[in-house]
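Below is one structure, written out as C-alpha cells; comments come after it.
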Amino acid sequence: MKTVEDKSTSLFNELVELMRKLRSKDGCPWDKEQNHSTLKPHLVEEAYELVDAIDTGDPDKLKEELADLFFHIIFHCQIAKEKKEFDIGGVMALCLDKMTRRHPHVFGDATAATPEEVIHQWEQIKKKEKGYEERRFIVDGLPKHLPALQKAQKLQKKVAKVGFDWTNINDVIAKVDEELAEVKEAISENKPENIEEEVGDLLFSIVNLSRFLKLDTENVLHKTIYKFVERFKKVEMELAAMGKDIEKCTLEEMDAIWNKIKNEGKKASKSGKK
C-alpha cells in the first residue's frame, strides 16, 4: 500500500514527465515554442490569480491557482534542463539548502524569539551569500518589475533599518501635507514636468504614511479599488432601474446616487451589517 509520501512522489514524477512530453518532438506546438522570456507575462498573471484566490478564502480556488503556478515552475525547469543549465532536482536542492541555512534558530544553535529577530537574522545571513556582494548600497536589490507601490514600501523599509525614518506619525502627516502643497503650487505654475515630479513625491509620502501605520499600501489600495467597483456597479444598477442610460446621465445625477450608496454603506457598517 502506498503512503501519502509515495503518492506525492509519484504524482510529482508524473508531472515532470508530462512537461517533458509537452516539450518533446511530438508534444504541444505552443509549449514547444515557449522560453523563459515568453512565459514571463503568464507567470505574473498566474501569481496575481493566486493572490485573488487567497482573497476569496475558497480552498478549491486556492488549490487550483497553486497548481497553475506550480506548473510554471516545472515548465521553467524543463526549459533549463533542455539547455543543460539545471533541472528541477537542482532547484529543490537549492531551496532546501537555502531555507535550512537561513533558519539557524530552527535547524541550528541560533536563537530568534520574535518575527523581527528572524528578519534581522535573515538579512545578516543573506549578506554572506553568493551574489550579495553585487549589492554595494543599502537601496540595491529591489526587483525591477515589482509594482511601484510595493517597491516604494520595500525601499522605505530598507532605509528605515539604518535609522533613516520619522520618529512620530505627526511628522509623517506633515510631510504628506507639504508634498500636497507642492503639487498645488506646481499645478498653479502650469509646469507639466514639475507636476509629475511633485505628484510622485506625494505618492511616495503616502506610501510612507501607510508603512508607518503598519499597513500594506498595495493591499490598502486594492481594497479601495474593489470598494469603488462595487459602488459604481450599484450606481449603474440603480440608474438602469430608473430607466436611465448612464452614458447620458449628468455628473450630478450619478453623484447623487453615489453619495446615497456611500451613506447607506456607512450606516450598514456602523450597525455591523455587510
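Quick note: the coordinates plus some simple rules give every number you see, no bench work behind them. From a predicted model like this one, the values you see are computed outputs, not experimental measurements. FYI the Cβ positions are ideal-geometry reconstructions off the backbone, even for glycines, and counts take in every protein chain you see.
Taking a 21 Å limit on the Cα-Cα distance, which of the listed pairs 40/127; 84/144; 128/161; 7/40; 84/127 fall beyond it? Beyond 21 Å between Cα atoms: 40/127; 84/144; 7/40; 84/127. Backbone geometry of segment 109-116 corresponds, through the Karplus equation with coefficients 6.51, -1.76 and 1.60 at θ = phi - 60°, to 3J(HN,Hα) couplings of 9, 6, 10, 7, 8, 10, x, 5 Hz, x marking Gly and Pro. Of the trypsin sites (Lys or Arg not before Pro) found in segment 45-106, those in coil by DSSP whose Cβ has at most 11 other Cβ atoms within 10 Å are 83, 84.
Fully extending the segment from residue 177 to residue 231, taken as 0.36 nm per residue of separation minus the present Cα-Cα distance, adds 16.6 nm. Considering the values (i) 21.7, 70; (ii) 25.4, 78; (iii) 20.2, 64, which represents Rg and Dmax of the Cα atoms in Å as calculated for the structure under consideration? Label (ii) holds the value from this structure.
Helix-only mean residue ellipticity at 222 nm, the chain, DSSP H runs n ≥ 4 weighted -39,500 (n - 2.57), per residue, nearest 500. What is it?
Working: 12 runs with 200 residues, N = 274.
Estimated from H runs of four or more residues: -24500 deg cm²/dmol.
Couplings 3J(HN,Hα) of segment 238-253, computed from phi: 5, 5, 5, 5, 8, x, 10, 8, 4, 6, 10, 7, 7, 4, 4, 5 Hz, in residue order, whole Hz [Karplus 6.51 cos²θ - 1.76 cosθ + 1.60, θ = phi - 60°; x for Gly and Pro].
Taking square-rooted eigenvalues a ≥ b ≥ c of the alpha carbon gyration tensor, is segment 192-254 rounded, prolate or oblate, where a/c under 1.5 means rounded and, failing that, a/b exceeding b/c means prolate? Mind dumping the intermediate values first?
Numbers: a/c = 5.07, a/b = 1.87, b/c = 2.72.
Judged from the Cα gyration tensor, segment 192-254 comes out oblate (a/c at least 1.5, b/c at or above a/b).
Rounded to whole numbers, the Karplus 3J(HN,Hα) couplings from phi for segment 188-196 are 5, 7, 6, 10, x, 5, 6, 4, 4 Hz, using 6.51 cos²θ - 1.76 cosθ + 1.60 with θ = phi - 60°, and x at Gly and Pro.
Selection among 105, 118, 79 by position relative to the dipole of the chain gives 105 as farthest towards the positive end (Cβ unit charges, Cα centre). Within the chain, which is the longest segment that contains none of the GluC sites (Glu not before Pro) sitting in a DSSP loop with at most 13 other Cβ atoms within 10 Å? With GluC sites (Glu not before Pro) excluded where exposed in loops, the chain gives 130-274 as its longest stretch.
What is the calculated FRET efficiency for residue 224 to residue 253, with r their C-beta to C-beta distance and R₀ = 22 Å, to the nearest 0.05? Efficiency, from the Cβ-Cβ distance: 0.40.
Starting from the Cα gyration tensor of segment 88-141, take the square roots of the eigenvalues, sort them a ≥ b ≥ c, and report rounded, prolate or oblate (rounded when a/c is under 1.5, otherwise prolate if a/b is larger than b/c, else oblate). Show your work: numbers first, answer last.
Numbers: a/c = 2.40, a/b = 1.03, b/c = 2.33.
In terms of gyration-tensor shape, oblate.
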